[in-house]
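Student: Following this message is one structure expressed as structure tokens.
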Amino acid sequence: MMKVVALAGNPNVGKTTIFNELTGMRQHVGNWPGVTVEKKEGILEYKGEKFLVVDLPGTYSLTAHSVDELVARDFLLKGSADVVVDVVDATALMRNLFLTMEIFEMGLKNTVIALNKIDLAEKRGIEIDARKMEAVLGVPVIPLNAKEGIGIKELKKKIYEVAHRKTRVEPIIPRYDPAIEREIEHISTVLKHTELAEKYSLRWLAIKLLMRDEEVIKLVLRYLGSEKLNEIMGHIGEVEERYKRAMDLMIASQKYEFVDSLMHRFMRYRFEQGETFSDQLDRILTHPVYGLLALFAVFYLMFKFIFAFGMPLQGMLDDAFSSFGQWLAPQIASETLRGLLVDGVIAGVGAVLSFFPLVFLLFLVMAFLEDVGYMARAAVVMERMMRKFGLPGKSLIPLVLAFGCNVPAVMGTRTLDEEKDRIVTMLINPLIPCSARLSVISFLAGAFFKENQALVAVSIYAVAILLALLMAWVFSRFLVGGETSPFIIELPEYLVPSWKTVIIHSWERSKEFVKKAGTIILAGSIAIWYLSNYPSVIGSGRSYAERIGMFFEPYVRLMGLDWKAAVSLLFGIIAKENVISTYGVLYGSREAIINAMVPLQAYVLGLVTTLYIPCIATIGAIKAEAGWKWAMFTVVYMIGLASVVGIITYHAALALGF
Amino acid sequence: MGKLEKVLELIEAGKSIEEISREIGVPPSEVEGMIKILESMGYIQVIETGDSACEACPLKSICPGSCIKFKGKLYQLSFKVSRAHR
Ligand SMILES: Nc1nc2c(ncn2[C@@H]2O[C@H](COP(=O)(O)OP(=O)(O)OP(=O)(O)O)[C@@H](O)[C@H]2O)c(=O)[nH]1
């Protein structure tokens, strides 16, 4: 029979690379029996002898918590391997050797350590003395750079030797504090001279029982019956009672310390391990104060960029649409049809479509920030803020989605376990400016502000985000009670972005904007055109649009806005871009719009558009997720909030002389 | 108390990886390693990010700028933690 070589190790340590080096092209890929975990097997030939090489699933421990761990552990435990090659990543020795200790603890005496990625370790100033490591751990250690094939020959030789018992393997066994050692001893005594003891290492069984390992408990039940099991578990219960801490965590933690205590005997840093540049950058970008400043700076620069490159394109598109309208008008004989197409469809949809470059650039920058890894850092800063305002860290996920669109964000609240967190996150979610509102904000900032357009946009975003946090605090304090749960973010490495993915991503996202313009915005523009031309044209005071607008005018005038703004806002409920298309239809040209308002009015309109009633789709989503009560509550509180903010901003700015 | 236990406690206290790294005096990469071990022991678990919400969204086909995501893994404490606090 062929001897079996098993490759074990953490994920991503280079197992596959080593597997390929050992077996060449002679491989077979299948599944482990009964589970959907991939099983790779291949043939290694050395000195004319064939070995079956099996690649075990990569795991961080052998606790049997996941299928991967169970598969790897069972294979090793059954003694199915004649040689176990434990692949260890030299750049992350601590976590790798933790798994090594778990393997040693099983009582296997046929392990070889493949110390991989020594080239990377060298680069990072990590110096490992393989001979000393061998002496300390009691097993052969072969340094490798699998990527370049360096060390593979030595590894093959060692595998051969261990398979034929030509090398002594006496693995070091992790030791725990005296109290735990006493318990291990005690349980081992109970298990001694039983059938189990012949099959497995007593020490391993005892440790796993102390950790309440379900598989081992089942094993004891099967071999020794429930009486013996109850006796052991009763004792373990007493031990736990004494410690008042989870034994598995305590044992794992001590095992980790054990590895730590060995390390300095064979590893040292060639140079002082100062913080890496990436760590330093992380420290600033995730700092409670600097991180927040950095976030604002990034936001500001983002808008600067969007306006600098997007606005000229927007102007060109806008001109193109109006020229098209002017060219088209004389070709259409029917006055109604001409009005509908030129003053309704082209003026409305064109106004919105002209913002395509800005939306595209927004997504481009977002995709870029995502790709370089900044988004995760921003998330750490935001998460900390959110927690201060009583929101669970996990609401971050739906709230980030909200910058794209509020609807999936509302649905994303499903990932929150606590009812309270779900409701609060859902209620504040529509306050986050979605990409539709970005168009409106850019439209107003671009049309009415000659300078500081980016600052205007950022300030509206900032107000909206601050209000979202504030409302979260109010709601979680006074409306719905409950606990919040902590959460941690693992930062990805900083990477040079791949422009191809960035562009593809932003295109995928922004093309939906065009689709929306062709559907909802089109329908809205036609409706507005109808309302402003029937029963009589606008200006007559009898068109439906004027009558509706006039009805609301006294109210919006409190914020310095007129009836046309009121009509726009009303249509904006269907989709926020309709605020722009309504302006396009009602005024007909960009110049007319610019002359219609002063910057302060535009600013207030931008704020109010961002904060008032969510669009119909969002209301529908809230209703579906939380019921009518909360949907209506959202509408009412947001109208209230928008009114208060609008009125205060308008009058405060007037008083300050703007 | 060992570092592994300490890390879990600090995660519970809402600390970031960077803060934990400074508090226990090991590089952030080692803290990440300990998080991996805690995850494999079932004490913390990875959280799904937005994808599924976007897939289920009725506005998927006309949504301007579908879903914004970020790289980086998110973890939360699992039920096992409250059990450990018996
Ligand atoms: N610098 C360097 N990189 C290596 C070495 N060995 C492997 N790698 C790289 O490490 C990465 C992971 O290698 P894999 O062989 O896929 O690792 P694995 O353990 O099979 O990973 P999983 O399939 O996730 O368990 C790849 O990008 C390899 O190119 C090495 O000795 N030096």
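Student: With every atom except the alpha carbons ignored, what do you get for Rg and Dmax of the range A:489-621, in angstroms?
Tutor: Gyration radius and largest Cα-Cα distance of the range A:489-621: 18.7, 63 Å.
Student: Along the Cα→Cβ direction, 7 angstrom out, place labels at A:Lys629 and A:Val474. What is the inter-label distance in nm?
Tutor: 2.0
Student: In a solvent-free Debye calculation with one equal scatterer on each Cα, what is log10 I(q)/I(0) for the range A:1-80 at q = 0.18, 0.24 Å⁻¹, listed in the order of the q values?
Tutor: -0.73, -1.22
Student: For the range A:3-163, take the convex hull of the Cα atoms, compute a quarter of its surface area, and give me that in nm², please. Kindly include the intermediate steps, with their values, before the conclusion.
Tutor: Values: hull surface 35.2 nm².
Averaging across all directions leaves 8.8 nm² for the Cα convex hull.
Student: Using only C-alpha atoms and all pairs of different ones, pull out the Kirkwood radius for the range A:418-519 in Å with one decimal. Mind dumping the intermediate values first?
Tutor: Working: mean 1/r = 0.0582 Å⁻¹.
The Cα-based Kirkwood calculation yields 17.2 Å.
Student: Pick out, from B:Met41, A:Val381, A:Leu362, the residue whose Cα sits farthest towards the positive end of the charge dipole of the protein assembly as shown, with +1 on the Cβ of Lys and Arg and -1 on the Cβ of Asp and Glu.
Tutor: Of the listed residues, the answer is A:Leu362.
Student: Nearest 10 degrees, 0 to 90: what angle lies between the long axis of helix A:435-448 and the longest principal axis of chain A (Cα atoms)?
Tutor: The helix A:435-448 is inclined about 40 degrees to chain A.
Student: Sorted by accessible area (1.4 Å probe), largest first, how do B:Lys36, A:Lys47, A:Lys132 line up? Working shown, then result.
Tutor: Numbers: B:Lys36 25, A:Lys47 145, A:Lys132 110 Å².
If we order B:Lys36, A:Lys47, A:Lys132 from most to least accessible, we get A:Lys47, A:Lys132, B:Lys36.
Student: Once label points are set 7 Å from the Cα along Cα→Cβ at both A:Thr276 and A:Trp507, what is their separation, rounded to one decimal in nm?
Tutor: Reported label-point gap for A:Thr276 and A:Trp507 is 3.3 nm.
Student: What is the projected area of the convex hull of the Cα atoms of the range A:178-269, averaged over all directions, in nm²?
Tutor: On the way: hull surface 28.5 nm².
Answer in nm², one decimal: 7.1.
Student: Another question about this same structure. May I ask which residue of A:Gly30, A:Leu155, A:Gly9 lies farthest towards the positive end of the charge dipole of the range A:3-163, with charges of +1 (Lys, Arg) and -1 (Asp, Glu) on Cβ and the Cα centre as origin?
Tutor: A:Leu155
Student: Largest first, how would A:Trp327, A:Trp473, A:Trp32 line up by accessible area (1.4 Å probe)?
Tutor: Working: A:Trp327 145, A:Trp473 100, A:Trp32 20 Å².
From most exposed to least exposed: A:Trp327, A:Trp473, A:Trp32.
Student: What angle do you read, to the nearest 10 degrees and between 0 and 90, between the alpha-carbon axis of helix A:563-572 and the longest principal axis of chain A?
Tutor: Value to nearest ten degrees: 30.
Student: Determine the calculated [θ] at 222 nm for chain A from helices alone, applying -39500 (n - 2.57) to every DSSP H run no shorter than 4 residues and normalising by the residue count; nearest 500 deg cm²/dmol.
Tutor: Working: 31 runs with 412 residues, N = 658.
The per-residue figure over chain A is -20000 deg cm²/dmol.
Student: Continuing with the same structure: Once the Cα gyration tensor of the range A:477-556 is diagonalised, what are the square roots of 5 times its eigenvalues, in whole Å and ordered largest first, as equivalent ellipsoid semi-axes?
Tutor: Values: eigenvalues 419, 152, 20 Å².
Each semi-axis is the square root of five times an eigenvalue, giving 46, 28, 10 Å.
Student: Be a star and scan the range A:2-27 for residues whose amide nitrogen sits under 15 Å from the point 7 Å along the Cα-to-Cβ vector of A:Asp119.
Tutor: A:14-15, A:17-18, A:21
Student: Assuming R0 = 41 Å, what is the FRET efficiency of A:Glu591 and B:Arg22, from their Cβ-Cβ distance, to the nearest 0.05? The partial results should precede the final answer.
Tutor: Numbers: r = 58 Å, r/R0 = 1.42.
So the FRET efficiency works out to roughly 0.10.
Student: A further question follows. Cα atoms only: what Rg and Dmax, in Å, come out for the range A:51-125?
Tutor: 12.9, 39
Student: Let me ask another. Provide, for q = 0.07, 0.08, 0.09 Å⁻¹, the log10 of I(q)/I(0) from a solvent-free Debye sum over equal Cα point scatterers in the range A:290-655.
Tutor: The calculated log intensity ratios at q = 0.07, 0.08, 0.09 Å⁻¹ are -0.31, -0.40, -0.51.
Student: A further question on this structure: Magnitude of the Cβ-charge dipole of the protein assembly as shown, K/R +1 and D/E -1, about the Cα centre, nearest 20 debye? Could the numbers behind the result be given before it?
Tutor: Working: 80 positive and 79 negative charges, 74 e Å.
It works out to roughly 360 debye.
Student: Rounding to the nearest 10 and keeping the result within 0 to 90°, find how far the Cα-based axis of helix A:616-626 lies from the longest principal axis of chain A.
Tutor: Taking Cα atoms only, the helix is inclined about 40 degrees.
Student: Based on the Cβ-Cβ distance of A:Val496 and A:Glu227, what FRET efficiency does E = 1/(1 + (r/R0)^6) give at R0 = 60 Å, to the nearest 0.05? Numbers along the way, then the final one.
Tutor: Numbers: r = 64 Å, r/R0 = 1.07.
Efficiency for this residue pair is about 0.40.
Student: Restricting to Cα atoms and excluding each atom paired with itself, what does the Kirkwood estimate give for the range A:107-169 in Å?
Tutor: Details: mean 1/r = 0.0815 Å⁻¹.
It works out to 12.3 Å.
Student: Now for a different question. Quick one: P(r) of chain A from all Cα-Cα pairs, 20 Å bins, percents rounded to integers, in order of increasing distance.
Tutor: 16, 35, 26, 19, 5, 0
Student: Go from 0 up to the bin containing the longest alpha carbon distance in the range A:332-405, width 10 Å each, and give me the % of pairs per bin.
Tutor: The calculated distribution, bin by bin, is 16, 29, 20, 16, 12, 7, 1.
Student: Roughly speaking, what is the stretch gain from A:Glu335 to A:Glu240, that is 0.36 nm per residue apart minus the C-alpha to C-alpha distance, in nm to one decimal?
Tutor: Details: separation 95, 0.36 × 95 = 34.20 nm, distance 8.71 nm.
That works out to 25.5 nm of additional length.
Student: Using only Cα atoms, locate the centre of the range A:601-658 and the centre of the range A:212-283, then give the distance between them in Å, rounded to an integer.
Tutor: Each part's Cα centre sits 53 Å from the other's.
Student: Work out, in µm²/s and without decimals, the Stokes-Einstein translational diffusion coefficient of the range A:296-353 at 20 °C, 1.002 mPa s, Rh from Kirkwood over C-alpha pairs. Could the numbers behind the result be given before it?
Tutor: Working: Rh = 13.0 Å.
After rounding, the answer is 165 µm²/s.
Student: OK, next. Starting from the Cα gyration tensor of the range A:336-375, multiply each eigenvalue by 5, take the square root, and state the resulting semi-axes largest first in whole Å.
Tutor: On the way: eigenvalues 272, 5, 4 Å².
In descending order the semi-axes read 37, 5, 5 Å.
Student: Expressed in whole Å with the largest first, what are the equivalent ellipsoid semi-axes of the range A:386-442 derived from the C-alpha gyration tensor as the square root of 5 times each eigenvalue?
Tutor: Details: eigenvalues 88, 25, 13 Å².
Semi-axes (√(5λ), whole Å): 21, 11, 8.
Student: Measuring from label point to label point, each 7 Å out along Cα→Cβ, what is the A:Asp177 to A:Ile284 span in nm?
Tutor: 4.2
The values are calculated or read from the model by the stated rules, or taken from the named source; none is laboratory data. The structure presented is a predicted model; accordingly, all values stated were derived computationally and were not measured. All Cβ positions, glycine included, derive from the backbone under ideal geometry; neighbour counts span all protein chains shown. SASA here: full protein model, heavy atoms, side chains in, ligands and nucleic acids out. Shrake-Rupley method; radii C 1.70, N 1.55, O 1.52, S 1.80 Å.
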